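These notes are about the structure you will find just below.
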Amino acid sequence: MVGRLLVRLSPAVLATGCGGSSQAPDADDAVEWGYEGPGSPENWAFLSAEYALCGDGRQQSPIDITGYETGDGASITFSYGGDATAVRNDGKFVHVDYGPGNTFSVGRQVFELRSAHLHSPSEHLIDGVSFAAEMHLVHEGVDGDLAVVGLLFRLGGPSAMVQGVLDAAPAAGARVTGGVALDAGGYTPEGPDHYRYDGSKTTPPCDEPVDWYVMRQPKTISAEQVDGLLALSGGPNNRPVQPRGGRRIILGGGPS
Ligand SMILES: [Zn+2]
């Protein structure tokens with residue numbers, strides 16, 4: 001798979017590698033996925049056979065949310081209130097993990113909140129417009145179905161919830177358990193209006209399907225907090241928008 005990568009990457013990208021070596025590639029040369037350089041999003045599908053969907057998938061996320069329909073979708077309900085069980089920093093994201101009891105319901109379907117993380121700038125666009133940051137609330141249903149709720153942040157006043165994540169973030173590669181006072185109640189959206197579409201995970205292996213619910217009303221985040229997020233992730237950590245294809249986007253949740 002490394003040979004395939006070398007074939008597909010541009011000369012400019014190859015020049016950043018260990019030039020001059022005549023050794024055959026081995027496993028140690030595998031490029032890790034990321035957001036710049038050889039591991040950047042346009043190359044994800046070529047980094048590993050397991051990442052094929054990042055290139056071949058037909059319902060990839062994020063997307064530009066535009067041309068949506070006003071639907072009569074099922075009502076959604078958030079019942080958040082428990083503290084986190086752990087905070088992890090993988091060098092790209094700070095993940096805040098939750099145990100059972102924080103639920104997101106769509107009609108009669110119930111999903112448990114598993115973890116939360118932040119991207120900056122936003123991954124989804126609304127009518128072509130980017131936002132300062134986007135939080136992803138990753139949920140799992142009883143049958144393993146994934147439902148992700150996206151919370152958009154525009155520049156404005158500081159977010160107590162984001163500050164809590166920044167303050168709790170351990171060093172890259174570290175994980176903290178116990179005494180993590182990050183109440184999931186802080187993630188509760190500003191209102192019920194949301195955009196619903198069929199998508200994927202936005203990081204390798206780009207699994208499909210994921211039920212996406214991007215909340216319409218943004219929260220606010222300060223410029224200093226955006227700087228804090230970028231410092232933690234080493235720079236922007238947003239995947240560019242993907243082809244929408246024939247997918248429908250339904251605006252639901254309440255009167256607009
Ligand atoms: Zn995400």
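The values are calculated or read from the model by the stated rules, or taken from the named source; none is laboratory data. Owing to the predicted nature of the structure, the values given are computational and were not obtained by experimental measurement. Cβ coordinates were reconstructed from backbone atoms using ideal geometry, including for glycine residues, and neighbour counts include every protein chain displayed.
On the given criteria, is Y213 farther than 24 Å from G34 by Cα, in contact with an Asp or Glu (Cβ under 9 Å, 6 or more places away or on another chain) and of a type in the set (F, W, Y)?
On the way: farther than 24 Å from G34 by Cα: yes; in contact with an Asp or Glu (Cβ under 9 Å, 6 or more places away or on another chain): no; of a type in the set (F, W, Y): yes.
Spelling it out, it is not the case that Y213 is farther than 24 Å from G34 by Cα, in contact with an Asp or Glu (Cβ under 9 Å, 6 or more places away or on another chain) and of a type in the set (F, W, Y).
If a residue must be surrounded by fewer than 15 Cβ atoms within 10 Å (Cβ to Cβ) and hydrophobic (A, V, I, L, M, F, W, C), how many such residues does the stretch 126-137 contain? Give the derivation first.
Filtering the stretch 126-137 down to residues surrounded by fewer than 15 Cβ atoms within 10 Å (Cβ to Cβ) leaves 127-129.
From what is left, the residues that are hydrophobic (A, V, I, L, M, F, W, C) are 129.
Residues flagged as surrounded by fewer than 15 Cβ atoms within 10 Å (Cβ to Cβ) and hydrophobic (A, V, I, L, M, F, W, C) within the stretch 126-137 amount to 1.
For S233, indicate whether it is more than 27 Å from G73 (Cα to Cα), among the small types (G, A, S) and either more than 16 Å from the ligand (Cβ to nearest atom) or in contact with a His (Cβ under 7 Å, 6 or more places away or on another chain) (or both).
For S233, the condition - more than 27 Å from G73 (Cα to Cα), among the small types (G, A, S) and either more than 16 Å from the ligand (Cβ to nearest atom) or in contact with a His (Cβ under 7 Å, 6 or more places away or on another chain) (or both) - is not met.
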If a residue must be more than 11 Å from the ligand (Cβ to nearest atom), acidic (D, E) and in a loop (DSSP other than H, G, I, E, B), how many such residues does the stretch 122-152 contain? 3
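Just to be sure, is D56 of a type in the set (D, E, K, R) and within 27 Å of E32 (Cα to Cα)?
On the way: of a type in the set (D, E, K, R): yes; within 27 Å of E32 (Cα to Cα): yes.
Answer is yes for this residue.
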Within 16 Å of the ligand (Cβ to nearest atom), assigned by TED's automatic domain parsing to the domain that holds P121 and on the phi > 0 side of the Ramachandran plot - does that describe any residue in the stretch 167-185? no
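Modelled with pLDDT of 95 or more, under 22 Å from R175 (Cα atoms) and buried (at least 16 other Cβ atoms within 10 Å of the Cβ): is that true of V87 in this structure? Lay out the reasoning, then the answer.
Working: modelled with pLDDT of 95 or more: yes; under 22 Å from R175 (Cα atoms): yes; buried (at least 16 other Cβ atoms within 10 Å of the Cβ): yes.
Answer is yes for this residue.
Scan the stretch 104-121 for residues that are of a type in the set (A, V, I, L, M) and within 11 Å of the ligand (Cβ to nearest atom) and jot them down. Full working, then the answer.
We begin by selecting, within the stretch 104-121, every residue of a type in the set (A, V, I, L, M); these are 106, 110, 113, 116, 118.
A116, L118, listed by residue number.
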Options V149, V106; residue that is farther than 24 Å from L232 by Cβ and among the hydrophobic types (A, V, I, L, M, F, W, C): V106
Taking the conditions exactly as written (among the charged types (D, E, K, R), assigned by TED's automatic domain parsing to the domain that holds E208 and without any contact (Cβ under 8 Å) to a residue 60 or more places away in the chain), does D97 satisfy them or not? yes
Would you mention how many residues in the stretch 73-103 are part of a strand (DSSP E or B), in contact with a helix residue (DSSP H, G or I) (Cβ under 8 Å, 6 or more places away or on another chain) and within 15 Å of the ligand (Cβ to nearest atom)? 3
R58 fails exactly one of (1) more than 16 Å from the ligand (Cβ to nearest atom); (2) modelled with pLDDT of 95 or more; (3) in a helix (DSSP H, G or I), namely (3)
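This table checks each residue for (1) crowded, with 19+ Cβ neighbours inside 10 Å; (2) under 13 Å from K201 (Cα atoms); (3) of a type in the set (S, T, N, Q); (4) under 13 Å from the mean Cα position of the chain (by Cα).
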residue	(1), (2), (3), (4)
Q109	no, no, yes, no
S120	yes, no, yes, yes
H124	yes, yes, no, yes
H139	yes, yes, no, yes
V142	no, no, no, no
V148	yes, yes, no, yes
F153	yes, no, no, no
P158	no, no, no, no
